[in-house]
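Enquirer: Would you mind keeping the following structure in view while I ask a few things?
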Amino acid sequence: MYWAYQIKVDFIPGIDFFSRCLEEKIVPAFDSIENEADAVEREAFENPSDYIDLENYDPADAAENAFERGLEYYQWMKGTLQVVINLFTAGLYHLLEQQLLLFYRQELLSIDEKNNMSLLEFNKAKSRLLTHGINIENFESWLKIDELRLVANTVKHADGSSAQNLQSRRPDLFSRSVTTSIMNSNITLGPVFTPLTGDSVYITQSEFKKYVSSVKKFWKEMCVALEEQIDTD
């Protein structure tokens, strides 16, 4: 009952505040990037000496050059916002992982095992829970949690087995334009190179919220499972 209580008053609220930080504090900071890009364009037009050689300067090119400077700013900032969402999504999985390992280490490992680093892995926690009658793969949230694991690995490591598995499950996450045809097609996606520059992987805010809901549901299902084990005992 102690851990069911901790999940309700600590783990789930922690997930909520993590989510709110992205949605309420960070994303709104990017709301003005269009206006900022316009300001960069104006500044570049009014002060061309800051970025071109005035000796070979053609005034006819001023507007085009300034526009390119503004567009460059907008594209980089938009890419940075995507990086932030990708990183928060990866962080969400690792927050879940750390919470689970805290519970596992404190509750399921013996005194002699607690500091055995080889045991402190998600899959080993999952196996130990199974020996206590809790199969987290049977949770309704599990498929989404496992998908979140693939997202986290892909964001961190780019191309690899996780990226390939995620592409087969969710090809839409690798396209800026999500369409039904992409979701349902058998198209071959290219390699994943640099998700930490805002390319290759495109987690949306709505998708992030779905992952947050799944992580919270995971812990609610864990509470039910723990309470059922108490009743059984």
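All of the numbers you see were taken from the coordinates with simple rules; none came from a lab. What you are looking at is a predicted structure, and each value in this text was computed from that prediction instead of being measured. Every residue, glycine as well, gets a Cβ built from its backbone with ideal geometry; the counts of neighbours run over all protein chains shown.
Enquirer: Using a basic spin-label model with each label point 7 Å from the Cα along Cα→Cβ, how many nm lie between Val9 and Asn65?
Expert: 6.5
Enquirer: I would also like to ask the following. Could you work out [θ]222 nm for the chain from helices alone, using -39500 (n - 2.57) per DSSP H run of at least four and dividing by all its residues? Round to the nearest 500 deg cm²/dmol.
Expert: One gets -19500 deg cm²/dmol as the mean residue ellipticity at 222 nm.
Enquirer: Apply the a/c threshold of 1.5 to the C-alpha gyration tensor of the chain and tell me whether it is rounded, prolate or oblate.
Expert: The shape class here is prolate.
Enquirer: Among the lysines, which fall within straight-line cross-link reach of Lys210, defined as a Cα-Cα distance under 17 Å, with same-chain neighbours fewer than 8 residues apart omitted?
Expert: Lys144, Lys220
Enquirer: Given a cut-off of under 8 Å on Cα pairs at least six residues apart, what relative contact order in percent is computed for the chain?
Expert: Once normalised by length, the contact order is 28 percent.
Enquirer: Another question, then. At R0 = 25 Å, how high is the FRET efficiency between Asn138 and Ser118 if r is their beta carbon distance? Nearest 0.05 is fine.
Expert: Result of the calculation: an efficiency of 0.40.
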